[in-house]
1. For the stretch 17-80, what's the relative contact order in percent, using C-alpha pairs closer than 8 Å and at least 6 residues apart?
2. Would you compute, from DSSP H runs of 4+ residues alone, the mean residue ellipticity of the chain at 222 nm, taking -39500 (n - 2.57) per run and dividing by the full residue count, rounded to the nearest 500?
3. By DSSP, what percent of the beta bridges with both residues in the chain are antiparallel, rounded to the nearest 5?
């Protein structure tokens with residue numbers, strides 16, 4: 001669950017805890033910034049990339065590695 005705090009409350013919260021839950025920081029009574037842990041950010045980034053990959057797969061926008069490398073060998077003339 002997110003919570004809304006002021007910049008001063010944020011400074012106090014960060015200095016007191018090791019694990020930061022998602023927070024929205026307000027400045028001049030306007031929502032200005034969201035703070036999440038690095039772990040949560042990396043997880044969200046990974047899940048977004050995974051969802052994008054699934055969408056590309058279901059839309060048929062993927063090719064096998066064998067097909068890609070065959071095309072590169074034909075284009076650039078590299079054969080091993």
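1. On the way: 29 pairs, mean separation 10.9, N = 64.
Relative contact order comes out at 17 percent.
2. Numbers: 3 runs with 43 residues, N = 80.
Counting only the DSSP helices, I get -17500 deg cm²/dmol.
3. Numbers: 5 of 9 bridges.
Around 55 percent antiparallel, to the nearest 5.
Where a number appears in this text, it was derived from the coordinates with a stated rule and is not lab data. Fair warning: this is a prediction, and the values are worked out from it, not measured in the lab.
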